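Bear in mind these aren't lab numbers, they're just calculated from the coordinates by the rules spelled out. Keep in mind the model is a prediction, meaning the values are calculated, not measured. Using ideal geometry, Cβ is built from the backbone for each residue, glycine included, and neighbour counts are taken over all protein chains shown.
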Amino acid sequence: MIYECHGHIILDGVSYKDSVARHKNGVDESFVRQNLALCAAHGITFYRDGGDKHNVGVLARKVAQEYGIDYRTPAYIIHKKGGYGNMFGRAFENMREYRELIDEAGRLGADFIKLTASGIVDYKDGNITGPPIDDEFPEMVKIAHGEGYAVMVHANGTDNIKRAAAAGADSIEHGFGIGRDALLTMAHTGTIWVPTCATAVNLIGCGRYDDAIIRKIAGDHKAAIASGRDMGVTIACGSDAGASHVGQGTGAHDELAILTALGIDPADGNRKLSEVFKQ
């Protein structure tokens, strides 16, 4: 059984722009089925989607069982206006609007809620982009939990990760730039980490970025994952499938190979994640 604990079925691993354009006049079901078939051909039996704002994952959830895939989706990312998440989500300005977005995600069939607590890692220089975690974040997690949802959190930068885990995030996605204090907090809270290391490793040699910088980002991330392993952090296998140079189906195998080389068997983490992130 191969788990893909973080992917975006809307994407093809080549071009975000072209992938999204396919759905501008409605979900391209043939493309969704093509990606699901790719996943099935590579032995993927569990796929947790990271969301999109065109209802692609919502459709995928309805048909994924035809391909033998247990598919979970948040429908879309929910993010504070001005923060990271517009690529795949919807923004809110106040808590009334936030609650409305949770309600709408529920009507679309969301299995869980996805929030953002930082920007992304910039592969040009290794810095973390975007505004830091919002002061309202703990309340956001509390509200989602109160509605019966687990919470998936996009977070990079050690302070953002630490605060998100302390606020009750059920999983941290990516986690680039994580430090010891954040790892200890995650170990203490039982927060699942999906480090998506393949997103950096697979860029080495692609010609898009300075390989020396990418190698450092990937190397630092691997070292942090190994430290998390030693501290007892629960780690699950998710590649961010569909991201640049991370294929649907193949990405999970790439990520599994990285974790295995670090002495990590993510089976327990995968099972825990599948138990937590269900409607």
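The table below gives the values:
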quantity: Net charge of Cβ neighbours under 10 Å - reference Cys197; Lys, Arg +1; Asp, Glu -1; calculated: -2
quantity: J(HN,Hα) series, the stretch 11-25, from Karplus relation 6.51 cos²θ - 1.76 cosθ + 1.60, nearest Hz, glycine and proline x; calculated: 9, 10, x, 10, 9, 4, 4, 5, 4, 5, 4, 4, 10, 5, 10
quantity: Percent RCO, i.e. relative contact order, over the stretch 1-147, from Cα pairs under 8 Å lying at least 6 residues apart; calculated: 18
quantity: Mean separation of Cα contacts under 8 Å, 6 or more apart, over the residue count of the chain: relative contact order %; calculated: 20
quantity: Modelled FRET efficiency - R0 45 Å, Lys142 with Thr45, Cβ distances, 0.05 increments; calculated: 0.85
quantity: Cβ-based exposure ranking for Leu101, Leu273, in which fewest neighbours within 10 Å come first; calculated: Leu101, Leu273
quantity: Packing-based exposure ordering (other Cβ within 10 Å, fewest first) of Val27, Val121; calculated: Val27, Val121
quantity: Pairs of lysines in the chain (C-alpha under 14 Å apart; 8 or more residues apart or interchain); calculated: 7
quantity: Sorted by Cβ neighbour density within 10 Å, fewest at the top, the residues Leu108, Leu259, Leu38; calculated: Leu108, Leu38, Leu259
quantity: Antiparallel bridge percentage (DSSP; both residues within the stretch 44-141; nearest 5); calculated: 10
quantity: Backbone N under 18 Å from the Lys24 label point (7 Å along Cα→Cβ), restricted to the stretch 70-92; calculated: 87-89
quantity: Of all DSSP beta bridges in the chain, antiparallel share, percent nearest 5; calculated: 5
quantity: Spin-label model distance (nm) - Arg180 vs Leu262, 7 Å beyond Cα toward Cβ; calculated: 1.8
quantity: Cα gyration tensor category, rounded, prolate or oblate, for the stretch 86-161 with a/c compared to 1.5; calculated: prolate
quantity: Expected 222 nm ellipticity per residue - DSSP helices of 4 or more, -39500 (n - 2.57), all of the chain, to 500; calculated: -12500 deg cm²/dmol
quantity: Gln65 paired with Ala223, simple spin-label distance in nm, labels 7 Å along Cα-to-beta-carbon; calculated: 4.8
